[in-house]
Every structure is written in C-alpha cells, then in structure tokens.
C-alpha cells in the first residue's frame, strides 16, 4: 500500500511540532546528542523498536554520542509522508537529548 507524500505546507506544519528537526534533501532530519556512546546506543535500540512497530526503517548513523537520523518513505518515491512524521514524533517521545 503506497503512502502519499506530504505537501510542502504539511511538512512545514509537522516540523512546528518537532523541535530540532529540519527538512532537507526530501527527508526529515535531526541529530540527537547524548551524554555518551551507551546513551546513544540505547536510544538506537529503543528507536529501532519504534521503527519496527511502524514497519518503517530510518537511515541513521552513530558516532560516539551522536545519532543522525533521516526519515523518508521509499514506497512514496523517497518523499516525506505521514509515516515519517509519526516516527519522528515517537523518537522525540523516547529521546533524552542534552
């Protein structure tokens, strides 16, 4: 089932409720910074469960205490959808960034 991409206006409205998130290169993006590697890794494990629950998988990278996240939906042509916004909201609920 294809998920329709959001309009630029819908993306702007969604970003208003997602502190620190930006829209760049057809994706929602944020870098989370934690107290150390263990915290960053713990966030990634917990975030992985949230992603799996939505059957949606982020593009992300970890270097020491930072986790860089990019969200877009492949079956929507690599565009941002409501699914990406939902996952970003879930990541915000479970993060404890500095």
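The values are calculated or read from the model by the stated rules, or taken from the named source; none is laboratory data. Keep in mind that what you see is a predicted model, and the values were worked out from it rather than measured. Glycine also receives a Cβ, built like all others from the backbone with ideal geometry; neighbour counts cover every protein chain displayed.
Report yes if residue 43 is farther than 23 Å from residue 10 by Cα, over 9 Å from the mean Cα position of the chain (by Cα) and not in a strand (DSSP E or B), otherwise no. Give the steps one after another, and end with the answer.
Working: farther than 23 Å from residue 10 by Cα: yes; over 9 Å from the mean Cα position of the chain (by Cα): yes; not in a strand (DSSP E or B): yes.
Judged against the criteria, residue 43 is a match.
Restricting to region 1-19, name every residue that is surrounded by 14 or more Cβ atoms within 10 Å (Cβ to Cβ) and not in a helix (DSSP H, G or I).
The answer is 3, 5, 6, 18.
Residue 35: assigned to a loop (DSSP other than H, G, I, E, B), out of contact with any strand residue (DSSP E or B) (no Cβ under 7 Å at 6 or more places or on another chain) and over 18 Å from residue 90 (Cβ atoms), yes or no?
Yes.
Counting just the residues of region 72-96 that are closer than 22 Å to residue 37 by Cα and in contact (Cβ under 8 Å) with a residue 40 or more places away in the chain, which one comes out surrounded by the fewest Cβ atoms within 10 Å (Cβ to Cβ)?
Restricting to residues being closer than 22 Å to residue 37 by Cα and in contact (Cβ under 8 Å) with a residue 40 or more places away in the chain, the top hit is 96.
Considering only region 42-83, state which residues are touching a strand residue (DSSP E or B) at 6+ places or on another chain (Cβ under 7 Å) and more than 24 Å from residue 7 (Cβ to Cβ).
If the condition is that a residue be touching a strand residue (DSSP E or B) at 6+ places or on another chain (Cβ under 7 Å) and more than 24 Å from residue 7 (Cβ to Cβ), then 43, 44, 60, 61, 65, 66, 67, 68 are the ones that fit.
Could you give every pair whose Cβ atoms fall below 6 Å, whose first residue belongs to region 1-15 and is in contact (Cβ under 8 Å) with a residue 12 or more places away in the chain, and whose second residue is in a loop (DSSP other than H, G, I, E, B), counting only separations of at least 6 or pairs across chains?
6/80; 11/80; 15/21
Scan region 24-47 and report the pairs whose first residue is at positive phi and whose second residue is modelled with pLDDT of 95 or more and assigned to a strand (DSSP E or B), with Cβ atoms within less than 6 Å and a gap of 6+ or a chain change.
Close Cβ pairs (under 6 Å, with a partner that is modelled with pLDDT of 95 or more and assigned to a strand (DSSP E or B)) amount to 26/79.
Are any residues in region 34-57 out of contact with any helix residue (DSSP H, G or I) (no Cβ under 8 Å at 6 or more places or on another chain) and surrounded by 12 or more Cβ atoms within 10 Å (Cβ to Cβ), and if so, which ones?
Scanning region 34-57 gives 37, 39, 40, 41, 42, 44, 48.
What number of residues within region 70-98 satisfy the criterion of being within 8 Å of the chain's Cα centre (by Cα) and part of a strand (DSSP E or B)?
Total meeting the criteria: 2.
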